[in-house]
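Enquirer: Please see the structure below; I have some questions.
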Amino acid sequence: MIAALIYVVSFVVLVQFFVYYCRSVLASSRKVELSARVREAAGVGDSVAADDFQRFLQLVRLCPENSADRAGIRAVGTYYSLLHVLARLSRAMLPSVAAWAEKEQQGCSHFAAVALDRRISFSRDLFVQQASSRL
Amino acid sequence: MLGPVDYALWIAGFVFEAAAVLSIFYRKAFGRYYSVCLYMACKFFVQGAQYICFLKFGFRSAQYFYLYYYSDSLLTILLFFVVMHLYLLVFAEMDTDRHIRAGAVLLLFLTAAFSYLVVRRYRTHLTEHFVVELGQGLYFVGTVLTYILWGAMITLRERRARLVQVVLALGIYYSATAGAYALQDLFPGRQMPVFAWAPPAANVWLSLAWTLAFLRIREEASVMVPTLAVKAQ
């Protein structure tokens, strides 16, 4: 009985901590403006949509890996999937929760776009380094 | 018998623990986060000792069993001191040092009493069930303490981004491990991989998250904690 109670409480607390952690990671990228090259590469306008996340993620995967952002991208990817399920489940019954989930998904898309921007810069630096070492 | 996943988790834990210690020194954060650094260093050396014991006596030996679970319990108690130190950091400007220290002594006393009661109950047969019950209780206390700390941070509108991530990573670690131990207690005798992999995976998570928190977030970086509150619109 006690073990079951501990399991349920731990699971609820784990989900809460995970959501807060992902939101703290997203908060770090929220103020970052997207560059024109990212908008051009992904074909997006002034603001990113909730559905753009997968597209940004695919583009991120095309760039050379930067170990510094790998863990953050994975955590946010898991958070995005959870939000996707939540938005689907609550659309009919709880539209306010679905709207909140969609807004959060938009934050995830912005995070992925910022990560893509960083990776493009990283790739360019790598290319410049290789070109200068060949000369 | 250990499989490739067990070895991978072991090696990753070992590497990231060292990385966490090095990143604290690299970012010159030892003065403020000395308890985190000491805990990670102890964890690193304990894992080294466990590996030597594993090579010498084998995975199924009693020596390895006792070393693993007792060192784990001691490290959990050491992690309580990290939590208390994080409380001190959060309440640093409120002149509550004396109360927090008194709380830490009380917590140590309660933990000792709880451990004594569990050991007394199983004194004739210190089996796997005993260590699972002890671990479950200790990690659950850690979960509750971290949850209270996080609640206090939200109330006080804590803005230090690094501290926020350190506490949240610790909360994930404690709750995941407590849940895994509770699941093991619910289904005794079942050899499910999740029981064996969850604690080392949570350990890899904690050391990796702390490494990233020290490497990527500057001490002066701030984050708006109220914006983290989950609000349905």
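The values are calculated or read from the model by the stated rules, or taken from the named source; none is laboratory data. Fair warning: this is a prediction, and the values are worked out from it, not measured in the lab. When we count neighbours, we look across all protein chains shown, and the Cβ atoms used for this are built from the backbone with ideal geometry, even at glycine. Heads up: the accessible areas ignore ligands, DNA and RNA and are worked out on the full protein's heavy atoms, side chains in. Shrake-Rupley method; radii C 1.70, N 1.55, O 1.52, S 1.80 Å.
Enquirer: Suppose R0 equals 35 Å; then what is the FRET efficiency for A:Leu126 and B:Leu75 from their Cβ-Cβ distance, rounded to the nearest 0.05? Spell out each step's value before the answer.
Expert: On the way: r = 40 Å, r/R0 = 1.14.
According to the calculation, E is roughly 0.30.
Enquirer: Another question, if that's okay. Mind jotting down the three principal axis lengths of the protein assembly as shown based on Cα atoms? Whole angstrom, largest first.
Expert: That gives 70, 55, 45 Å along the principal axes, largest extent first.
Enquirer: List, by residue number, every residue in region B:142-163 with a reduction of 50 Å² or greater in accessible area between the chain on its own and the complete protein assembly, 1.4 Å probe.
Expert: B:Tyr147
Enquirer: Hey, another quick one. Could you report the buried accessible area between B and A, both sides summed, computed with a 1.4 Å probe and given in Å² to the nearest 100?
Expert: 2800
Enquirer: With helices defined as uninterrupted DSSP H runs, which ones in chain A have an alpha carbon span along their own long axis of at least 18 Å and mean Kyte-Doolittle hydropathy of at least 0.5?
Expert: A:2-30
Enquirer: Using bins 10 angstrom wide from zero, how does P(r) for region B:1-69 break down, in % of all Cα pairs?
Expert: Final binned percentages: 20, 42, 25, 12, 1.
Enquirer: For B:Arg160, which sequence-distant residues (separation of 5 or more, or a different chain) have an amide H within less than 5 Å of its own amide H, given hydrogens modelled in the peptide plane?
Expert: The answer is B:Val223.
Enquirer: Quote the relative contact order of chain A in percent (integer), defining contacts as alpha-carbon pairs under 8 Å separated by 6+ residues.
Expert: Computed over chain A, the figure is 36 percent.
Enquirer: Tell me the carbon and sulfur percent of the accessible area for the protein assembly as shown, rounded to whole percent, probe radius 1.4 Å.
Expert: Taking all protein chains in place, the protein assembly as shown shows 65 percent carbon and sulfur surface.
Enquirer: Based on the Kirkwood radius over alpha-carbon pairs, what value in µm²/s does the Stokes-Einstein equation return for the translational diffusion coefficient of region B:48-108 at 20 °C and 1.002 mPa s?
Expert: 156
Enquirer: Looking at chain A as a GNM with Cα springs under 10 Å, which of A:Asp69, A:Asp52, A:Asp117 has the largest mean-square fluctuation?
Expert: With Cα springs under 10 Å in chain A, the top fluctuation among A:Asp69, A:Asp52, A:Asp117 is at A:Asp69.
Enquirer: Further question: Skip the ligands, DNA and RNA, and give the accessible area per residue of chain A with a 1.4 Å probe, whole Å².
Expert: 58
Enquirer: Under the Kirkwood approximation applied to all pairs of distinct alpha-carbon atoms, what is the hydrodynamic radius of region A:67-114 in Å? Spell out each step's value before the answer.
Expert: On the way: mean 1/r = 0.0901 Å⁻¹.
Over region A:67-114, the inverse of the mean reciprocal pair distance is 11.1 Å.
Enquirer: Further, regarding this structure: Please list the equivalent ellipsoid semi-axes of region A:10-135, computed as the square roots of five times the alpha-carbon gyration tensor eigenvalues, in descending order and whole angstrom.
Expert: 31, 17, 11
Enquirer: Where a ≥ b ≥ c are the square roots of the eigenvalues of the C-alpha gyration tensor, would you call region B:157-213 rounded, which needs a/c under 1.5, or, failing that, prolate if a/b is larger than b/c, or oblate? Numbers along the way, then the final one.
Expert: Values: a/c = 6.82, a/b = 2.39, b/c = 2.85.
Oblate, because a/c is 1.5 or more while a/b does not exceed b/c.
Enquirer: Moving to a separate point now. Starting from 0 in steps of 5 Å, tell me what percent of the Cα-Cα pairs of chain B lands in each bin.
Expert: 1, 6, 13, 18, 19, 17, 12, 8, 4, 2, 0, 0
Enquirer: Shifting gears a bit: So which residues of region A:1-27 lose at least 40 Å² of accessible area, probe 1.4 Å, when you go from the chain by itself to every protein chain present?
Expert: Buried by 40 Å² or more upon assembly, which counts only protein chains, are A:Ala3, A:Ile6, A:Tyr7, A:Ser10, A:Val13, A:Leu14, A:Phe17, A:Tyr20, A:Tyr21, A:Arg23, A:Ser24.
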